[in-house]
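The values are calculated or read from the model by the stated rules, or taken from the named source; none is laboratory data. In this text the structure is predicted, and so the values were computed from the model without any measurement. No Cβ is skipped: glycine too gets one built from the backbone with ideal geometry, and neighbour counts run over all protein chains shown. The protein model used for the area step is the full one, side chains on, heavy atoms only, and it has no ligands, DNA or RNA in it. Shrake-Rupley method; radii C 1.70, N 1.55, O 1.52, S 1.80 Å.
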Amino acid sequence: MDYGIKGRKAIVCAASQGLGKGCAFALAGEGVDLVINARGADALNATAEEIRRATGVRVTAIAADITSPEGRAAVLAACPAPDILVNNAGGPPIGDFRDWDEATWQKAVNDNMIAPIMLIKAVVDGMIARKFGRIVNITSRSVKGPLPHLGLSNGARAGLTGFVAGLARQVAKHNVAINNLLPGPFLTDRQIDGITRLAAKAGQDYATFLAARTAENPAGRFGTPEEFGKACAFLCASDAGFIVGQNLVIDGGSVNVTM
Ligand code: NAP
């Protein structure tokens, strides 16, 4: 299937590994030139080179903190007029709500709500003027079904989701489509770190805890960044302009809801 986006330009945030890298790879596979970002330059440059070699697209690597105004300015300077924006950043820490002070909440809201909104604000008018835009926000299944240990994510990402729900409907007539991808369990570094902590809290070893988490998923496995990325590329296709303001859960069916 040809997604009709060859030669388009994309910014993919937080993309040196994990889900962001999966999205970058899938877009590059469709012939999209990339600006990718993460804080650590070494891993980011290695990923950029891996994508160049595998796909032949142009990849610019910008090492910066996407949750800071300076980091966003550096990324936007490298790609001031993107056709595609994939918003992503590290997720907030797991824990108990009693442990989170005001500064922790401010950081979660900044990183997982305000930062993506600032990037959307910076690029959306250009997309409207050019009559093409695709924005995908990586959020979490915690938006659809709250996870007790992920209260910061449940709350901050719901704020982004609410804002996007309104804006997506304001810009859709200009062929600018904004949607959210809600990952469930993907065995990335973040997930491994979270499972390690939860296993320790439950007094179990990592392998036993991981096996139980795997078995409880209806698909009987964890997801891969590659399949996550392919869903992202689909939402960025030229024919995806009628998919507006949706929240696509990719979780093997673990959020137990009818709709
Ligand atoms: P990951 O494997 O830990 O990768 C995170 C990526 O983001 C890395 O490339 C990291 O590079 C970059 N990054 C982190 N903070 C950044 C910042 N402030 N500025 C720029 N880049 C930054 O994580 P992941 O599993 O792919 O998760 C991606 C997002 O999906 C997170 O928000 C996570 O909470 C959410 N999520 C993941 C899952 C899952 O199962 N994996 C489930 C639900 C939600 P540097 O550290 O070098 O910056």
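With R₀ fixed at 25 Å, the C-beta to C-beta distance from Met259 to Ala219 puts the FRET efficiency at about 0.85.
Against the empirical 2.2 N^0.38 Å (N residues), the range 149-215 has a Cα radius of gyration ratio of 1.59. Counting only protein heavy atoms and a 1.4 Å probe, the chain has 47 square angstrom of accessible area per residue. Roughly how far apart, in whole Å, are the Cα centres of the range 141-176 and the range 182-248? Result: 17 Å between the Cα centres. For the chain, complete DSSP H runs whose alpha carbons reach 24 Å or more along their own long axis and whose mean Kyte-Doolittle score is 0.0 or higher are 151-171.
If all Cα-Cα distances of the chain are sorted into 5 Å bins from 0 onward, what percent lands in each bin, rounded to whole numbers? It works out to 1, 6, 13, 18, 20, 17, 12, 7, 3, 1, 0, 0, in whole percents. Its alpha carbons give the range 133-188 an Rg and a Dmax of 12.6, 39 Å.
The label-point distance for Ala165 and Glu227, in a model that sets each label 7 Å from Cα toward Cβ, rounds to 2.8 nm. Under 5 Å from the amide H of Val35 lie the amide H atoms of Ala10, Ile11, Val12, Thr60, each residue being 5 or more positions distant or on a separate chain, with H modelled from the backbone and absent for Pro and chain starts.
Extension gain for the segment Asp42 to Asp193, taken as residue separation times 0.36 nm less the Cα-Cα distance, is 52.3 nm to one decimal. Taking 19 Å as the cut-off, the amide N atoms of the range 132-173 that come nearer than this to a point 7 Å along the Cα-to-beta-carbon line of Phe97 belong to 140-162.
Scanning the chain for cysteines with no neighbouring cysteine C-beta under 4.7 angstrom from their C-beta gives Cys13, Cys79, Cys236. Dimensions of the range 178-259 from C-alpha coordinates, computed as largest minus smallest value along each principal axis and given longest first, are 48, 27, 18 Å. Take every pair of alpha-carbon atoms less than 8 Å apart whose residues are at least six positions apart; their mean separation over the length of the range 136-259 yields a relative contact order of 38 percent. Projecting the Cα atoms of Gln246, Phe222, Leu210 onto the dipole axis of the chain, where Lys and Arg carry +1 and Asp and Glu carry -1 at the beta carbon, places Gln246 farthest toward the positive end.
Over the chain, what percent of the accessible surface lies on carbon and sulfur atoms, probe 1.4 Å? Carbon and sulfur: 56 percent of the exposed surface of the chain.
Restriction of the trypsin sites (Lys or Arg not before Pro) in the range 128-211 to DSSP coil positions whose beta-carbon has at most 14 other beta-carbons within 10 angstrom yields Lys131. In this structure, the residue pairs whose Cα-Cα separation is over 31 Å, taken from Lys121/Lys230; Lys107/Lys173; Lys21/Lys144; Lys6/Lys107; Lys6/Lys144; Lys121/Lys201, are Lys107/Lys173; Lys6/Lys107; Lys6/Lys144; Lys121/Lys201. The range 74-109 and the range 56-70 have Cα centres spaced 14 Å apart.
Quick one: net charge of Glu227's neighbours, Cβ under 12 Å, K/R +1, D/E -1? Computed value for this residue: 0.
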